[in-house]
Amino acid sequence: MVLAHHQPARAIPTILLTGFDAFGGDSVNPSWQVAQALQGKRISGHRVVAAQLPTVFGESLALLLRLVEQHQPAWVVCTGLAGGRNAVSLERIAINLADARIPDNAGAQPKDEPVVPSGPAAYFSSLPVRAMLEALEGEGIAAEISQTAGTFVCNHVFYGLMHHLAGQPGNKPCRGGFIHLPYLPEQSEARGTMPLQTMARALQVALRCALSEGLPD
Ligand code: PCA
């Protein structure tokens, strides 16, 4: 019997979607729950591969870069929790700074350190953040463009990703960036939380929008 594998899995371009494990005393991290909810989904002819990164300086970025090497994704979208923000935050700028207010999950608390010694001060996201914002607003989902992903592990991963992509001009085109998510309703009494289903829908809307813009030439 001949099995009908018309297309090898490799032919389907991949979106690498990451979330983080819980940190800072929380027991869950919505970013990982959302990434898991989208694992294996097809979005505009692309397949989502979800992965969890540890909330640990160094290790998180090393794992992300290994995943990029392994999956050769066309898109890399990293997500994390920004507790207290009340909208899906499309991060515009990654800065070359690690300055932690709390220890990471391995106890490290860098202060005033560069993410990449002698790297440039900042990188812009290569996701179409304005178009994504408009797409989210069009769906009635609370969203914003954010000018800083902070100086903790999320910014560290975001900067490291953009630095990596900037150093790969000859390779297959790949765009990437970072999206911060609010608390789940069960995590906070405060206003401005968002249900998991809404966050998952937000990611799908944002990804569909990005894919319609395409990759750079
Ligand atoms: N949020 C943290 C790190 C992990 C996460 O989900 C941050 O904003 O840096």
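Here are a few things to note about the model shown:
- Comparing 104, 112, 21 in a Gaussian network model of the chain where C-alpha atoms under 10 Å apart are linked, the largest mean-square fluctuation is found at 112.
- Rg followed by Dmax, in Å, when the chain is reduced to its Cα trace: 16.9, 62
- Here the extension length gained between residue 27 and residue 122 equals 31.0 nm, from 0.36 nm per residue of separation less the Cα-Cα distance.
- Helical runs (DSSP H, four residues minimum) scored at -39500 (n - 2.57) apiece and divided by the length of the chain put the mean residue ellipticity at 222 nm at -9500 deg cm²/dmol.
- Relative contact order of the chain, defined on C-alpha pairs under 8 angstrom at six or more residues apart (%): 26
- Mean projected area in nm² (Cα convex hull; one quarter of hull surface) for the range 144-199: 5.5
- With a cut-off of 19 Å on the backbone N, the residues of the range 160-197 near the modelled label site 7 Å out from residue 44 along Cα-Cβ are 173-180.
- Scaled against 2.2 N^0.38 Å for its residue count N, the alpha carbon radius of gyration of the range 51-96 is 1.31.
- Among 43, 141, 102, the residue with the largest mean-square fluctuation in a Gaussian network model of the chain, with springs joining Cα atoms closer than 10 Å, is 102.
Only the coordinates and a few stated rules stand behind these numbers; no lab work does. All of these numbers come straight from a predicted model, not from anything done at the bench. Using ideal geometry, Cβ is built from the backbone for each residue, glycine included, and neighbour counts are taken over all protein chains shown.
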